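Right, one structure below, let's go through it.
The values are calculated or read from the model by the stated rules, or taken from the named source; none is laboratory data. None of the values given here were measured: they were computed from a predicted structure. Glycine gets a Cβ as well: all are built from the backbone with ideal geometry, and neighbour counts include every protein chain shown.
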Amino acid sequence: MIHKAQDYIRHNLKKYRLEKKLTQEKLSELCDISCDYISEIERGKRCPSMKRLDMIAEVLGIDSYMLLKP
């Protein structure tokens, strides 16, 4: 089975967001990006740029590569 990086990002983003007990709304506020954008990432509708991944990872307190891990 072939997985795309986007699948890893969506799964890991939700996992780490929930571990930090953040809603999509709160994460979007802390990242200064729209809540719709966070939702679209988690649903696999959008794939963020590395700049956005770095920003999200920083807010989550993790290294960016952790969002790309299988």
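Of the conditions (1) among the hydrophobic types (A, V, I, L, M, F, W, C); (2) at pLDDT below 95; (3) buried (at least 16 other Cβ atoms within 10 Å of the Cβ), Ala5 fails just one. Which one is it? (3) is the only condition that Ala5 fails. Residues that are among the hydrophobic types (A, V, I, L, M, F, W, C) and within 17 Å of Tyr8 (Cα to Cα) were ranked within the stretch 20-47; the one that is surrounded by the most Cβ atoms within 10 Å (Cβ to Cβ) is Ile38.
So is Arg17 closer than 15 Å to Glu58 by Cα, assigned to a helix (DSSP H, G or I) and among the charged types (D, E, K, R) or not? Yes. Among residues of the stretch 57-70 that are under 11 Å from Asp7 (Cβ atoms), those with a beta-carbon under 8 Å from a residue that is in a helix (DSSP H, G or I) at least six positions away or on a different chain give the pairs Leu68/Ala5; Leu68/Tyr8; Leu68/Ile9; Leu68/Asn12; Leu68/Leu53; Pro70/Tyr8.
Of all residues in the stretch 48-61, exactly one satisfies the criterion of being more than 17 Å from Lys15 (Cβ to Cβ) and in a loop (DSSP other than H, G, I, E, B), namely Ser49.
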